[in-house]
Amino acid sequence: MSSLDISCVREHFPSRPDDAHKGTMGTLCSITGSFGFSGAAVLSAKAALKSGVGLHYQVLPQSIYPIFASSVYESVCVPVRGSSHGTVAPTDLDQILNTVRRATAVLIGCGMGNTPATFEVLSEVMKAATVPLIIDADGINALSMHINIMTRMINSSPAPIILTPHIKEFSRLTKLSVSEILASPETHARAFCERHPNTVLALKSHRTIIAQNEKLLFNTAGNSGMAKGGSGDVLAGIIASLAAQGAKTFEAAAMGVHIHALAGDLAAEKLGKTAMLPSDIAEQLSGVYRAIEQ
């Protein structure tokens with residue numbers, strides 16, 4: 001199993017030609033956030049935009065639109081009516097799927113809320129999307145609540161899928177205990193990918209594993225200052241942005257994991273591990289991208 005470094009990122013990083021414009025640098029549709037979890041939408045959107053995507057459409061419930069719009073200026077917002085709980089709802093599907101069809105990648109799950117509505121929206125997006133689909137956080141939790149049909153849902157989706165669970169979420173997906181996974185994470189990552197050949201797995205931990213079929217990489221950069229709620233939203237935004245720009249799903253996940261970790265190391269260097277925040281990781285992405293572009 002090989003480890004990631006910046007040369008791996010440079011090899012597969014999306015090119016940015018001099019005649020590029022917003023229409024040629026990818027279009028990302030993000031379906032993220034809910035009442036009480038507006039930060040997940042903000043963090044993933046900022047990370048995606050800072051990672052180079054040309055256009056970003058943000059689908060979000062009206063309840064958090066004012067917060068999001070006052071925090072992120074560059075996104076095209078698609079406010080939907082949502083449910084009484086402040087989450088996107090199946091009644092919003094026409095707007096959601098119309099936005100999905102414009103995209104070159106779709107991100108779903110960050111801060112959506114672990115509700116039946118999330119599962120209904122996710123299942124329809126999985127049927128409709130044909131571009132890379134990055135499923136994070138509550139999207140993963142929604143799948144794990146329907147474990148009896150999860151494999152069929154994933155394997156029948158026309159979209160290439162990237163799943164980004166942390167160890168506890170992976171435990172819910174596989175019904176393995178956390179201790180079983182930690183005893184042999186590579187084995188369980190490989191086994192999951194064998195059952196879901198359409199899927200790239202980014203199994204998040206202090207040594208994140210990226211797996212697809214026979215391919216397996218691990219990441220050793222990053223630090224304990226990143227162990228704060230919101231860090232995963234930043235990572236999801238980075239991966240989704242790279243996929244939208246044309247990176248293949250395995251490479252998008254691998255590059256995103258390492259870029260995220262390097263930005264976390266820059267944040268720790270500047271601010272210290274205790275005080276650094278996930279928003280600081282997003283702010284340090286510019287330093288990582290400057291190094292990649294050199």
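The values are calculated or read from the model by the stated rules, or taken from the named source; none is laboratory data. Computed from a predicted model, the values in this text were never measured in an experiment. Don't worry about glycine lacking a Cβ; one is built from the backbone with ideal geometry, like all the others, and counts go over all protein chains shown.
Taking first residues from segment 84-102 that are over 14 Å from PRO116 (Cα atoms) and partners that are among the aromatic types (Phe, Trp, Tyr) and surrounded by 15 or more Cβ atoms within 10 Å (Cβ to Cβ), the Cβ contacts under 8 Å between residues at least 6 apart in sequence or on separate chains come to THR99/TYR57; ARG102/TYR57.
Tallying residues that are among the polar types (S, T, N, Q), outside any helix (DSSP H, G or I) and either surrounded by 24 or more Cβ atoms within 10 Å (Cβ to Cβ) or in contact with a Pro (Cβ under 9 Å, 6 or more places away or on another chain) (or both) within segment 222-253 yields 1. Got at least one residue in segment 99-106 being outside any loop (DSSP other than H, G, I, E, B), more than 20 Å from GLN245 (Cα to Cα) and among the aliphatic types (A, V, I, L, M)? No, segment 99-106 contains no residue that is outside any loop (DSSP other than H, G, I, E, B), more than 20 Å from GLN245 (Cα to Cα) and among the aliphatic types (A, V, I, L, M).
Can ILE239 be described as β-branched (Val, Ile, Thr), in contact with a strand residue (DSSP E or B) (Cβ under 9 Å, 6 or more places away or on another chain) and touching a residue at least 24 places away in the same chain (Cβ under 8 Å)? Lay out the reasoning, then the answer.
Values: β-branched (Val, Ile, Thr): yes; in contact with a strand residue (DSSP E or B) (Cβ under 9 Å, 6 or more places away or on another chain): yes; touching a residue at least 24 places away in the same chain (Cβ under 8 Å): yes.
In short, yes.
Of the helices (runs of 4 or more DSSP H) lying entirely inside segment 1-96, the ones with 3 or more residues being more than 21 Å from SER286 (Cα to Cα) and hydrophobic (A, V, I, L, M, F, W, C) are found at 65-71.
Checked against (1) surrounded by fewer than 21 Cβ atoms within 10 Å (Cβ to Cβ); (2) closer than 25 Å to LEU242 by Cβ, SER38 passes all but condition (1). Annotation: of all residues in segment 142-157 being more than 17 Å from GLY109 (Cα to Cα) and not aliphatic (A, V, I, L, M), the one that is surrounded by the fewest Cβ atoms within 10 Å (Cβ to Cβ) is ASN148.
Got a sec? Which of ALA202, ALA142, ALA227 is within 25 Å of ALA117 (Cβ to Cβ), hydrophobic (A, V, I, L, M, F, W, C) and either at pLDDT 95 or above or touching a helix residue (DSSP H, G or I) at 6+ places or on another chain (Cβ under 6 Å) (or both)?
Numbers: ALA202 fails: within 25 Å of ALA117 (Cβ to Cβ); ALA227 fails: within 25 Å of ALA117 (Cβ to Cβ).
Result of the check over ALA202, ALA142, ALA227: ALA142.
The residues in segment 186-218 that are more than 17 Å from ALA261 (Cα to Cα) and of a type in the set (Phe, Trp, Tyr) can be counted, and the count is 1.
For segment 153-196, a residue qualifies if it is within 28 Å of ASP5 (Cβ to Cβ) and more than 19 Å from the chain's Cα centre (by Cα), and the qualifying residues are ILE181, LEU182, ALA183, SER184, PRO185, GLU186, THR187, HIS188, ARG190, ALA191, GLU194. Exactly one residue out of LEU173, LEU133, LEU217, LEU201 is surrounded by fewer than 24 Cβ atoms within 10 Å (Cβ to Cβ), over 30 Å from LYS270 (Cβ atoms) and touching a residue at least 12 places away in the same chain (Cβ under 8 Å): that is LEU173.
Quick one: in segment 176-185, which of the residues that are touching a residue at least 12 places away in the same chain (Cβ under 8 Å) and more than 21 Å from HIS260 (Cα to Cα) is surrounded by the fewest Cβ atoms within 10 Å (Cβ to Cβ)? My answer is LEU182. Residues in segment 60-78 that are surrounded by 17 or more Cβ atoms within 10 Å (Cβ to Cβ), of a type in the set (A, V, I, L, M, F, W, C) and touching a Gly at 6+ places or on another chain (Cβ under 9 Å): LEU60, ILE64, PHE68. When restricted to residues that are surrounded by fewer than 20 Cβ atoms within 10 Å (Cβ to Cβ), in contact with a strand residue (DSSP E or B) (Cβ under 7 Å, 6 or more places away or on another chain) and not basic (Lys, Arg), segment 79-111 contains 4. Summed over segment 50-74, the residues that are of a type in the set (S, T, N, Q) and under 24 Å from ASN114 (Cβ atoms) give a count of 4.
Quick one: is CYS8 closer than 29 Å to VAL257 by Cβ, modelled with pLDDT under 95 and in contact with a Ser or Thr (Cβ under 9 Å, 6 or more places away or on another chain)? Yes; evaluated as a whole, the condition is true for this residue.
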